[in-house]
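Accompanying notes for the structure given below.
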Amino acid sequence: MIPEMTGTIDLIQGNGEHVLIVEDDVMVRDMATNMLKVLGYSVMAVASGEMAASYLTQNQAHLVMLDMQMNPGINGRETYEKMLAFRPDQRAIIVSGFADSSEINRTLQLGASQLVKKPYTLCELGLAIKAALLD
């Protein structure tokens, strides 16, 4: 590891917090899962908003990582609204590359803490998650 990166990695390292990844693209979902595991997070990944909402009816997550455009099915904002109906304090970040900015703004107004633009780095993702968990 590069010596300058040691301090940064320490700042973004997780402590086993449970993160739910909601991402329809299997390659992106697998990459995000691997990144978060490297950082020390417990990870569950699902392919749709419907699966995420269903998962959270039976399980808890410290944070949800929401893709905004998922096909087929509901988008990230609609997913977050469903989650908030039964988990009003659910923390979330938005992770997107192509989403409609009005949908992003509406999701942020609902309580998602920030937007991480795709493609993202390990450091960008780690910092966003840490900030959301401390929020």
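Computed from the coordinates by the stated procedures, all read-outs in this text should not be read as laboratory data. Note that the structure is predicted; figures quoted are calculated from it, not measured. A quick note on method: Cβ atoms are made from the backbone with ideal geometry, for glycine too, and the neighbour counts reach across all protein chains shown.
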Quick check for me: using +1 on Lys/Arg Cβ and -1 on Asp/Glu Cβ, what's the dipole size of the range 28-131 about its Cα centre, in debye to the nearest 20? 220
Karplus (6.51, -1.76, 1.60) ³J(HN,Hα), θ = phi - 60°, over the range 54-69, in Hz, Gly and Pro reported as x: 4, 4, 6, 6, 10, 9, 10, 9, 5, 8, 10, 9, 9, 6, 8, 10
How much length would be gained if the chain were fully extended between N105 and N59, taking 0.36 nm per residue of separation minus their Cα-Cα distance, in nm to one decimal? 13.8 nm
For the ranges 115-128, 19-32, what's the packing order if you count other beta-carbon atoms within 10 Å of each residue, average per peptide, and put the highest first? 19-32, 115-128
Non-local residues with an amide H under 5 Å from the amide H of G14, with H modelled 1.01 Å from N and Pro and chain starts lacking one, are G40, Y41
Paramagnetic reach from S42 (point 7 Å along Cα→Cβ, amide N under 13 Å) across the range 16-33: 16-20
Leading residue at positive end of dipole, the chain (Cβ point charges), from I12, C123, M31: I12
Using only Cα atoms, tell me the angle between helix 3-12 and the longest principal axis of the chain; keep it within 0 to 90° and round to the nearest 10. 30
For the chain, calculated [θ]222 nm from helices alone, where every DSSP H run of n ≥ 4 adds -39500 (n - 2.57): -15000 deg cm²/dmol
Sequence order, the range 36-51: Karplus ³J(HN,Hα) from phi using 6.51 cos²θ - 1.76 cosθ + 1.60, θ = phi - 60°, Hz rounded, Gly and Pro as x, gives 5, 5, 4, 7, x, 8, 8, 10, 10, 10, 10, 9, 8, x, 4, 5
Below 17 Å, Cα to Cα, which lysines can K117 reach? Residues fewer than 8 away in the same chain don't count. K130
Which aspartates and glutamates have a Cα lying under 13 Å from the Cα of K118, excluding residues fewer than 8 positions away in the same chain? E23, D25, D67
Positive minus negative residues near V46 (Lys, Arg vs Asp, Glu; Cβ under 11 Å): -3
